[in-house]
Ligand SMILES: C[S@@+](CC[C@H](N)C(=O)[O-])C[C@H]1O[C@@H](n2cnc3c(N)ncnc32)[C@H](O)[C@@H]1O
């Protein structure tokens, strides 16, 4: 059994991950290095994408591709990697348990069960955690509910969390076929209703709900800001996927629309922002 690891620069990691999930729909294992993020795929010789294809999808973001031989218990290792995770907004606020279907849950009031096999969004990524924390903060301020739009829904982890926090209707968009397929399965697995559509934000822009969550990249967030108009502007916007040092450029992009940054959270070099419309 081979473990094929693609190491890439953190700034472009999410783009690489989006490409890798197409080449490796079985999922990837993520590890944070000092100055790289590593995505690893397990498989038998001949089953894995070839190194040239991995190099091609990673482009300028690539640091290196490392192949190592591993024992034949890779499926167990893969599962062992996804442990239940408790997410808190504020220290004494509401919490969420995220877990894969093969693990049992924790005692938290809310639980999101995500099969990480198909798309981005096991919930463990810092940007997903930051988005969930900001959703929980709104909930603890009594501001959950109403319609919500999830831009770049991936496995629908944020959309499902929102539905469990009382938002309705919950609409999720992603340009990846694999993401929408995984999102549908996860919505059914969590018994929540989501309205999911395939949409490329670079080409189309949806009608936004009063609350929007967008875990994308700084570049895509700027593009999202550029597509918003006074007639299609959320009252509250949670953004993540930006690096800490990209905070100012994302803030500037939305401030021009009258959305003011009211909260910033950071984890492992990533940032999460909550914007609110001017009262
Ligand atoms: C960082 S992941 C977030 C996934 C999930 N919302 C979470 O928080 O874990 C970004 C998602 O945006 C999607 N995405 C990237 N570019 C996009 C585009 N141009 N249009 C629509 N979705 C896009 C990716 O496929 C991916 O699922």
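Taking the chain as a Gaussian network, where each spring joins two C-alpha atoms under 10 Å apart, which residue of 250, 170, 65 fluctuates the most?
65
Let me have the 222 nm mean residue ellipticity of the chain computed from DSSP H runs of 4+ only, each contributing -39500 (n - 2.57), with the sum over all residues rounded to the nearest 500.
Roughly -8500 deg cm²/dmol at 222 nm, from the helical runs in the chain.
Using a Gaussian network model of the chain whose springs link C-alpha atoms within less than 10 Å, name the residue from 61, 163, 91 with the highest mean-square fluctuation.
91
If one takes the longest principal axis of the Cα atoms in the chain, at what angle in degrees, from 0 to 90 and to the nearest 10, does the Cα axis of helix 13-23 lie?
60
Pop a pseudo-label 7 angstrom from the Cα along the beta-carbon direction at both residue 223 and residue 143 and give the gap in nm to one decimal.
2.8
On a full-extension model of 0.36 nm per residue, what is the gain between residue 245 and residue 195, subtracting their alpha-carbon distance, rounded to one decimal in nm? Walk me through the intermediate numbers first.
Working: separation 50, 0.36 × 50 = 18.00 nm, distance 3.36 nm.
Using 0.36 nm per residue and subtracting the Cα-Cα distance, I get 14.6 nm.
Could you list, bin by bin from short to long, the percent of Cα-Cα pairs of the chain in 5 Å steps?
Cα pair-distance distribution for the chain, in percent: 1, 6, 13, 17, 19, 18, 13, 8, 4, 2, 0, 0.
Gaussian network model of the chain, Cα springs within a sub-10 Å range: biggest mean-square fluctuation belongs to which of 67, 18, 147?
67
Pairs of alpha-carbon atoms within less than 8 angstrom and 6+ residues apart define the contacts here; what relative contact order does the chain have, in percent? Can you show the working numbers first?
Values: 589 pairs, mean separation 37.7, N = 279.
Relative contact order for the chain comes out at 14 percent.
With a ≥ b ≥ c the root eigenvalues of the C-alpha gyration tensor of the stretch 126-277, is it rounded (a/c under 1.5), prolate (a/b larger than b/c) or oblate?
Rounded shape, in that the Cα axes give a/c under 1.5.
Could you put 164, 202, 278 in order, starting from the residue whose Cβ has the fewest other Cβ atoms within 10 Å?
278, 202, 164
Readers should treat all values here as calculations from the given coordinates under stated rules, not as data from a laboratory. Quick caveat: nothing in here was measured; it's all calculated off a predicted structure. For neighbour counting, all protein chains shown are included, and Cβ atoms are generated from backbone atoms with ideal geometry for every residue, glycine included.
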